[in-house]
Structure formats: C-alpha cells, structure tokens
Amino acid sequence: MKILIADDDPQILRALRITLSAKGYQVVTANDGAQAISAAIEQHPDIFLLDLGMPNLNGLEVIEAIRGWSSSPILVVSGRAGAADKVEALDAGADDYITKPFAIEELLARIRALSRRVPQDASSPVVRLGDVTIDLAAHSVTRSNSEGSKQLRLTPTEWQFIEILIRNAGKLVTRQTVLTTIWGTEHAEDTGYLRLYVSQLRRKLEDDPANPRYILTEPGMGYRLAGVTTDSV
C-alpha cells in the first residue's frame, strides 16, 4: 500500500518514512503543498498523510484539490489542536485528524483503519474514447483504425488534465478544480490555460475536434468526459 506524506518538517518526514517503510508501506514524501499535488497525480497513493501548515499551498488547499479527482483516504497530521481547525479540515474532505505530538501506535492504528476503506481493485483504468485507447498505468495513448494502431503523445500537463477527467468520467469537473489541481490556487481564475489544453486534447483525441463527442464543455462551469468505455477500474 502506498502512502503519501506531505509535511514541511524534514525531521517528521524522515521519521515517518522510516517507520512506515519498516511496517511494509511504500512511502512517497513531499515537503510543500505543490509537491504534494504533483506527487498525488504521478504516484496515485492509497492514503494521504497531510500537514496543514505547509508553504506553496496549505493543507486545506491540497485537500480540496485532491478531492476534485480522488477519493483516497486523507489523514491530517497537524500541530493545530483547535476544534475549528479539525472541523475545517474534515469539511474540506479529510477522513481523520491527529494532532502533533502523537504516539506512533495511534498513528499506525488510524492508518490501518483508513486502509480498510481503500478498494482492493483500485487499479488505473484503461479507457476507450471511440478509436482511442488510454492506459493510465502505462501512460500510453493509441488510435486504432483499419490500417493499424498509432501511438499518440500527450504532454505531462495534458496527461494530468485527461486523468482528472477520466477518474471523474461522466461527472462535471469544475474549471477551478482543474486549475487548482494542476497549477495551484494562484491560477484558479486563469481559464485561458484550460481553453488551450482542451483544444490540444480535442485535436489529439477527438475524431472531429470542432464537434467533440468526448471532451465536452459545460458552459460557465467546467468539463465532462462522455462516451467512455472502461476495461478496468
């Protein structure tokens, strides 16, 4: 099971990495909020351990961004002991909250409890958009036709964008969710980014980019991925 630990205290990161690795967990670390979101998109952790007081996006902003596309359990590990802080974190989408300093036995017990919520078949899906097959685990996109198959190349940002849509297939994904997840809260209103990447993705994935069947715009709200068939989830 893979755990992402995000904390700006290097001593806590080191201690938790050593302890959890010794317990058999695969550990990924990040020392600020922006790194946490990037690691979440690239590594697909099963459980998140997040501090609240991080630079470059605080813990609440990270929770809100993650909850835009992932349902993996989130355990807040914070020095903030106030009831208001706990309520705010839980309302933002956290599943549990433990305050520093903590007993490692209690932390491990909470992780075990959260691990029971993780689906055992949570593999990365292989999806089809008409003649296009997208394999998230392999990071491959293939278009098939009567002449054979052709590999398509997506940029790292295009991968992040299409993965958010795939993991929320059929659902509305707001513009703010995409912008915050990929570029951070400081770009939450920069809709020009989205128009550019949506246009690029449609040119690569749609049969008729001017009349898209799959990557649909919900005017004034965001985007929706339609017409998806899935091999595995």
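Each value in this text was obtained by applying a stated rule to the coordinates, not by laboratory testing. Just so we're clear, the structure is a prediction, and the values are computed from it rather than from any experiment. Glycine gets a Cβ as well: all are built from the backbone with ideal geometry, and neighbour counts include every protein chain shown.
Structure summary
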| quantity | calculated |
| --- | --- |
| Between helix 10-22 and the chain: long-axis angle, C-alpha atoms, 0 to 90°, nearest 10 | 80 degrees |
| Other-chain or far-sequence residues with amide H under 5 Å of residue 152's (modelled H) | 141, 142, 143 |
| Candidates per trypsin sites (Lys or Arg not before Pro) in region 144-209, loop by DSSP, up to 10 other Cβ within 10 Å | 153 |
| Net charge dipole size for region 2-115 [Lys, Arg +1 and Asp, Glu -1 on Cβ; Debye, nearest 20] | 400 debye |
| Listed residues 212, 45, 101, most fluctuating in the chain (Gaussian network, C-alpha, under 10 Å) | 101 |
| Candidates 170, 220, 33: whichever shows maximal mean-square fluctuation once the chain is modelled as a Gaussian network with Cα springs under 10 Å | 220 |
| Top of 136, 108, 60 by mean-square fluctuation, Gaussian network on the chain, Cα under 10 Å | 108 |
| Helix axis angle, 191-205 relative to the chain longest principal axis, alpha carbon, degrees | 50 degrees |
| Charge dipole magnitude, Cβ of K and R +1, D and E -1 - the chain, Cα centre, debye nearest 20 | 500 debye |
| Extreme residue, positive dipole direction of the chain, given options 69, 209, 144 (C-beta unit charges) | 144 |
| Structure-derived percent of Cα pairs over 32 Å apart: which label, when the choices are (1) 34; (2) 14; (3) 25 | (3) |
| Cα-based shape type of region 2-115, given that a ≥ b ≥ c are square roots of the gyration tensor eigenvalues and the cut on a/c is 1.5 | rounded |
| Set of lysines with alpha-carbon distance to residue 204 below 27 Å, sequence-local pairs under 8 removed | 150, 171 |
| Positive-pole candidate from 24, 107, 97, dipole of region 2-115, charges at beta carbon | 24 |
| Sites excluded, GluC sites (Glu not before Pro) in DSSP loops with at most 11 other C-beta within 10 Å, longest stretch of the chain | 1-146 |
| Cut-off under 5 Å, modelled amide H: who pairs with residue 97 long-range | 76 |
| The chain: angle of helix 33-43 to the longest principal axis, Cα-based, in degrees nearest 10 | 60 degrees |
